[in-house]
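Below is one structure, written out as structure tokens; the observations come after it.
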Amino acid sequence: MTLAERFAEIKRVKLTTVGTNSTKTASFYLDLKSNRTSCTLRKYDFLTEWFEENWPEGHPMPVLEDPKHYPHRLDGNESSSGRKARKK
């Protein structure tokens, strides 16, 4: 919700527009906010990637409190994309 609401604010569009563009379901974020639907981990990963790829230039993306997507807060070991480097 943090990313969707900020994205809508920056782009000056409705949350339903963000839903249509990112999930192909206009009401997704409204339903999520009102607990009429949920979000799987797979969908969460898909959406965080979608927002990373589509984030408006010149606007900082909000930092999520999520160790998978911001691992540098845990151990400083991250790839250039900000994701944890895989150990081989």
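The values are calculated or read from the model by the stated rules, or taken from the named source; none is laboratory data. Nothing here was measured: the structure is a model prediction, and the numbers come from that model. As a convention, Cβ positions derive from the backbone with ideal geometry for all residues, glycine included, and neighbour counts pool all protein chains shown. We work out accessible area using only protein heavy atoms, side chains counted, and drop any ligands, DNA or RNA first. Shrake-Rupley method; radii C 1.70, N 1.55, O 1.52, S 1.80 Å.
Once segment 54-88 is narrowed to residues that are outside any loop (DSSP other than H, G, I, E, B) and at pLDDT below 95, the residue that is surrounded by the most Cβ atoms within 10 Å (Cβ to Cβ) is PRO71. Here is the figure for segment 1-42: residues that are modelled with pLDDT under 95, open to solvent by less than 90 Å² (accessible area, probe 1.4 Å) and part of a helix (DSSP H, G or I) total 1. Consider PHE51 carefully, then state whether it is open to solvent by less than 90 Å² (accessible area, probe 1.4 Å), of a type in the set (Phe, Trp, Tyr) and over 13 Å from the mean Cα position of the chain (by Cα). Taking the combined requirement at face value, the residue does not satisfy it.
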